[in-house]
Amino acid sequence: MVRTYKEALAWIHGRLRLGIKPGLERMEWMMEKLGHPERRVRAIHVAGTNGKGSTVSYLRHILQAAGYSVGTFTSPYVEKFNERISVNGRPIRDKEIVELVRAIQPLAEELETTELGAPTEFEVITAMMFYYFGKKNIQDVVIIEAGLGGRFDSTNVIYPILSIITNIGYDHMNILGETLEKIALEKAGIIKSGVPVITAVNQPEAWAVIAGKATSLKAKTYRLGEDFSIVQHEANEDGERFSVETVFSQYPDLNITMFGAHQVQNAAVAVMAADYLRMCYSFLIEKEHIYEGLEKAKWIGRFERISNKPLIIIDGAHNAEGIRSLVDTVRLHYPNKDVHVLFAALADKPLEQMIPPLAGIAKTITFTSFDFPRAASAEQLAALCDHPDKACITDWERWLKEKRKQKRSDDLFLITGSLYFIAEVRKLLL
């Protein structure tokens, strides 16, 4: 039995070796042994390729502004493991992590002796979350982010009050499938009978899958562009200003401090969700709570401005859609800057789709690697890049220290790629 926080983390991360095992049987077994804590969680379930974390943040801040106590379950963490299970934006304490591991560890060991086999790292973390919010610290509402896909994701043992599918794109194709239809089918797995679905999915083939699943389960859908819309949008120095119209109400001149058209879309999804909770579940959410919540919302490691002189921005754009959104945001907000890119990524990402768009906005592009099991080498990345001023480095910390001394106002230093890499960069810069 673990005694310290360090031992608790070692036990959790030691389960990484088990990889990913699709299926909900192990989660259902653990939930039954724990007395079904997940049934006591008033949950909002969020799936999607990108934008999950930002959407969770927007909605959490809106609900908090309205006076609700809100739990969240997100991944991956950026600064500390405890971020994954948070209450009103505050990660749970180290001693609570130890208590949760003590509750789950005996079950995991017992489960390992059955025909179902050992639970994975994500399964035990998810079980910890349900035990925490279902037994130890019940909240008004818990916003739960799916880890991967939806249908067989460990979080999918819940029956939520609302489901959100942010968008569909190409990621984790070795597990979810290689077409948008197959990926959409996995994400649509979170749809439950009679539970409404809010989505910003725009590709016809992906939408057809989601709409079909929702119809078969009599789940009402609210889709961006049909049931709610962004009616105007302008970028400014501090973020984005826009208006949203839903089937229930109008919200002119909303402001967010996260950058990019994709963040406007994520915020619009959160507005629709809040409006639905207000109108259909009698949540006491006023319009001013929506304005206040959106403006306060932040999500670290996503187009985060670390310094102004020199201008340094970090962004965990870890798949092709994320890179496209990042490139669009740079062009929108910094069209006249000389962009110097530092990029590191995992080898199992669609790198041939990620690197060319980045090279297209870069004056210089530098590739590196970092200490992570699946990290691509700098040379691997550079081989996919056609740019006259590209370089490979091993010491990215030295690169950052040198760039911090630069004072040219025309320069923008953009560090992007894997969120695991961004977490290391952020630790060094702040």
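The values are calculated or read from the model by the stated rules, or taken from the named source; none is laboratory data. This is a predicted model, so every value here is computed, not measured. Note: ideal-geometry Cβ built from the backbone for every residue, glycine included; neighbour counts use all protein chains shown.
Limited to region 110-152, what total is found for residues that are in a loop (DSSP other than H, G, I, E, B), touching a residue at least 40 places away in the same chain (Cβ under 8 Å) and of a type outside the set (D, E, K, R)?
Result for region 110-152: 15.
Picking from Lys218, Lys182, Lys187, Lys213, which residue would you name as being touching a Ser or Thr at 6+ places or on another chain (Cβ under 7 Å), assigned by TED's automatic domain parsing to the domain that holds Gly53 and not in a strand (DSSP E or B)?
Lys218
I'm checking my understanding of the structure. Among residues of region 163-186 that are surrounded by fewer than 22 Cβ atoms within 10 Å (Cβ to Cβ) and of a type in the set (A, V, I, L, M), which one is modelled with the highest pLDDT?
Result: Leu185.
Does any residue of region 5-14 turn out to be surrounded by 13 or more Cβ atoms within 10 Å (Cβ to Cβ), at pLDDT below 95, under 17 Å from Phe122 (Cα atoms) and of a type in the set (A, V, I, L, M)?
no
Answer yes if at least one residue in region 227-237 is under 30 Å from Leu430 (Cα atoms), buried (at least 21 other Cβ atoms within 10 Å of the Cβ) and touching a residue at least 24 places away in the same chain (Cβ under 8 Å), and no otherwise.
no
Condition check ((1) in contact with a Pro (Cβ under 9 Å, 6 or more places away or on another chain); (2) aliphatic (A, V, I, L, M); (3) under 23 Å from Glu79 (Cβ atoms)) across all residues:
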{"residue": "Thr368", "(1), (2), (3)": "no, no, yes"}
{"residue": "Thr394", "(1), (2), (3)": "no, no, no"}
{"residue": "Glu397", "(1), (2), (3)": "no, no, yes"}
{"residue": "Lys403", "(1), (2), (3)": "yes, no, yes"}
{"residue": "Leu419", "(1), (2), (3)": "yes, yes, yes"}
{"residue": "Ala423", "(1), (2), (3)": "yes, yes, yes"}
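Of all residues in region 135-149, which are surrounded by 21 or more Cβ atoms within 10 Å (Cβ to Cβ) and either assigned by TED's automatic domain parsing to the domain that holds Glu352 or touching a Leu at 6+ places or on another chain (Cβ under 9 Å) (or both)?
Val141, Ile143, Gly149
Name the residue, out of Phe343, Phe421, Phe372, that is in contact (Cβ under 8 Å) with a residue 40 or more places away in the chain, over 29 Å from Glu240 (Cβ atoms) and under 21 Å from the mean Cα position of the chain (by Cα).
Phe372
For region 261-302, which residues satisfy the criterion of being within 22 Å of Ile165 (Cα to Cα), of a type in the set (Phe, Trp, Tyr) and either modelled with pLDDT of 95 or more or crowded, with 24+ Cβ neighbours inside 10 Å (or both)?
Correct list: Tyr276, Phe283.
If Ile415 satisfies all but one of (1) closer than 17 Å to Ala317 by Cα; (2) touching a helix residue (DSSP H, G or I) at 6+ places or on another chain (Cβ under 9 Å); (3) assigned to a helix (DSSP H, G or I), what's the number of the condition it fails?
It fails just one condition, (3).
Of all the residues that make up region 107-123, how many are of a type in the set (Val, Ile, Thr) and crowded, with 17+ Cβ neighbours inside 10 Å?
1
One line per residue, one yes/no per condition, for (1) surrounded by 15 or more Cβ atoms within 10 Å (Cβ to Cβ); (2) within 19 Å of the chain's Cα centre (by Cα); (3) basic (Lys, Arg); (4) modelled with pLDDT of 95 or more:
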| residue | (1), (2), (3), (4) |
| --- | --- |
| Arg90 | no, yes, yes, yes |
| Ile97 | yes, no, no, yes |
| Val101 | yes, no, no, yes |
| Gln105 | yes, no, no, yes |
| Thr126 | yes, yes, no, yes |
| Tyr131 | yes, no, no, yes |
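Pick out the one residue from Leu419, Leu381 that is in the same structural domain as Asp338 (by TED's automatic domain parsing), modelled with pLDDT of 95 or more and surrounded by 14 or more Cβ atoms within 10 Å (Cβ to Cβ).
Leu381
With respect to Gly51, is the statement that it is over 21 Å from the mean Cα position of the chain (by Cα) and not acidic (Asp, Glu) true?
no
Looking at Asp386, Asp348, can you tell me which residue is farther than 22 Å from Gln406 by Cα, in contact (Cβ under 8 Å) with a residue 40 or more places away in the chain, not in a helix (DSSP H, G or I) and not assigned by TED's automatic domain parsing to the domain that holds Glu234?
Asp348
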